[in-house]
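Enquirer: Below: one structure in structure tokens.
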Amino acid sequence: MLRFRDFFAVLLLMFATLAVGCEIDSPDANVPSTDGTTDGDDAVEKKSEIVFDRNVLNVDGDGGDMDIIYRIKNPVEGASLEIKSFEEWVTLKTLSASQIILTIDKNTANQPREALVSVDYAGLERAMFITVKQDKAILNTFKFEVSDITYKSCKIHYQCADDNMPYMANVIDKKFFEYSGIDDETIFVDTEMKNYLRIAAEYNMTLEELMANATPQLIYKGDVTRTFDGMQHGGEYVVYSYGVMFDGNTYNVTTPVHHTIVELPMPSMYDVEFTLKAAVSGSGSAMLDVDPGNWTGYYSVQVAPSNSLYYVPPGEPLSVSTIRSLADAFYNSARKYISEGNPVEKFLNSSCYKGARQFPLALSSGQQYMIIVFAVESEEGAIPVMRSIPAVTYLSM
């Protein structure tokens, strides 16, 4: 039986980012430097470090080429990566200065499989590993073609080999599986159908009647193209299909669940130059000056203490994962507020700012803080999103 958890690795942790005057609470302490040295320790030899954009590859049973983007910190002159696969069905196709491409063979077995690929380098203390997780053999019942991907939408062409078979065609946020703990396809389908049974009862309909009249449509025959909008930027979604027959309030699943992952990009970032000045103004209080320059739209101000996962020590650049986490926390805050019936403009006016401003900050003594400011925008009334690389400044109380 297909295990969803094998393919939906945990990639996202939910952390609460609080607005001006609040702190981001996290149990984690400061993260040490990753370059192998500490301040003032120039005599210590710097070790190399390889940073991957991902080290777990989730591949469907059909296999294919998968890429990993990497960069090397403190490179060794003349050295190159050494790639070794421990399974014959995973081979190296291409290795460049920033990209590894692996070829994964088609899985002909009716069970998933895993492989380890080692990545070694002259400057590393020990080899690193990439994990390849592949689904069981493709059943050739369903095929998906994903196109027109934006940071908030995509188009999916569902294809079914049996033109007369009714089937479910939908997408679901990948985080559902992490929050619910569901890792079994039978439990997933049962959970989905229980939800539709509840909705059908509310409208005094049978499950069969609901599925025949649902808007948007869920049950199809043959090929169909669906457009999904209002998705989360930088999010990951599970596209899935399975054959199903209805009779009143009962249902019969006729095929295993077939699925794939769609990754949405972050929106393009505007070049906004915020000027930030922070100064202590008294015991437990400080003042922040924000000048947004030529940016006339809204911006968000966040405060992260040094024990927060968002905190980055002075002089170190913000990582892609940190920027994505900040963007995700802001988006979820806006989505929750708007889902409660509040208009987008009310959220922007109550939680964001425009123009040059001064902000009083109530902070704890004996603590260091990172002040984070980034532009936000709502396109055509959609949920606001981050639209500039965050600007930061620091404050010691």
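The values are calculated or read from the model by the stated rules, or taken from the named source; none is laboratory data. Source: prediction; values computed, not measured. FYI the Cβ positions are ideal-geometry reconstructions off the backbone, even for glycines, and counts take in every protein chain you see.
Enquirer: Condition first: surrounded by fewer than 13 Cβ atoms within 10 Å (Cβ to Cβ) and more than 23 Å from H258 (Cβ to Cβ). Can you find one or more residues in region 186-198 that meet it?
Expert: Yes, that holds for at least one residue.
Enquirer: State whether the residues of region 309-321 include one that is under 24 Å from S268 (Cα atoms) and either modelled with pLDDT of 95 or more or in a helix (DSSP H, G or I) (or both).
Expert: Checked against the condition, which is being under 24 Å from S268 (Cα atoms) and either modelled with pLDDT of 95 or more or in a helix (DSSP H, G or I) (or both), region 309-321 yields at least one hit.
Enquirer: When you go through (1) in contact (Cβ under 8 Å) with a residue 24 or more places away in the chain; (2) in a helix (DSSP H, G or I) one by one for I182, which number turns out not to apply?
Expert: Checking I182 against (1) in contact (Cβ under 8 Å) with a residue 24 or more places away in the chain; (2) in a helix (DSSP H, G or I), the one that fails is (2).
Enquirer: For region 105-126, which residues satisfy the criterion of being surrounded by 13 or more Cβ atoms within 10 Å (Cβ to Cβ) and farther than 30 Å from M168 by Cα?
Expert: Matches in region 105-126: A115, L116, V117, S118, V119, D120, Y121, A122, G123, L124.
Enquirer: Inspect region 337-355 for any residue being in a strand (DSSP E or B), in contact (Cβ under 8 Å) with a residue 60 or more places away in the chain and surrounded by fewer than 16 Cβ atoms within 10 Å (Cβ to Cβ) and give the result as yes or no.
Expert: no
Enquirer: Going by the structure shown, is M245 touching a strand residue (DSSP E or B) at 6+ places or on another chain (Cβ under 6 Å), under 11 Å from P166 (Cβ atoms) and part of a helix (DSSP H, G or I)?
Expert: Against the criterion (touching a strand residue (DSSP E or B) at 6+ places or on another chain (Cβ under 6 Å), under 11 Å from P166 (Cβ atoms) and part of a helix (DSSP H, G or I)), M245 does not qualify.
Enquirer: A further question follows. Is it the case, given these coordinates, that K175 is out of contact with any Lys or Arg (no Cβ under 7 Å at 6 or more places or on another chain), at pLDDT below 90 and of a type in the set (K, R)?
Expert: Yes; evaluated as a whole, the condition is true for this residue.
Enquirer: To continue, here is another question. Looking at P256, P267, P216, can you tell me which residue is in a loop (DSSP other than H, G, I, E, B), over 28 Å from K336 (Cβ atoms) and modelled with pLDDT under 95?
Expert: Matching residue, one of P256, P267, P216: P256.
Enquirer: What residue, of I149, I172, is surrounded by fewer than 19 Cβ atoms within 10 Å (Cβ to Cβ) and either on the phi > 0 side of the Ramachandran plot or part of a strand (DSSP E or B) (or both)?
Expert: Answer to the check: I172.
Enquirer: Which one is nearest to A279 (Cα to Cα), of the residues in region 368-397 that are over 23 Å from the mean Cα position of the chain (by Cα) and part of a strand (DSSP E or B)?
Expert: L395
Enquirer: In region 73-100, what count of residues is obtained for those that are touching a Lys or Arg at 6+ places or on another chain (Cβ under 7 Å) and either under 12 Å from V119 (Cβ atoms) or surrounded by 13 or more Cβ atoms within 10 Å (Cβ to Cβ) (or both)?
Expert: Count: 1.
Enquirer: Let me ask something additional. Are any residues in region 201-237 among the hydroxyl-bearing types (S, T, Y) and under 27 Å from the mean Cα position of the chain (by Cα), and if so, which ones?
Expert: T225, T227, Y237
Enquirer: A follow-up question, please. Only one of S365, S333 is among the small types (G, A, S) and either part of a helix (DSSP H, G or I) or buried (at least 21 other Cβ atoms within 10 Å of the Cβ) (or both); which?
Expert: Of the residues listed, the single one that is among the small types (G, A, S) and either part of a helix (DSSP H, G or I) or buried (at least 21 other Cβ atoms within 10 Å of the Cβ) (or both) is S333.
Enquirer: Here's something else I'd like to know. Just to be sure I understand the filter: pairs with C-beta atoms under 9 Å, separated by 6 or more residues or on different chains, first member in region 296-307 and within 14 Å of S388 (Cα to Cα), second member assigned to a loop (DSSP other than H, G, I, E, B) and of a type in the set (G, A, S). Which pairs pass?
Expert: T296/G355; Y298/S378
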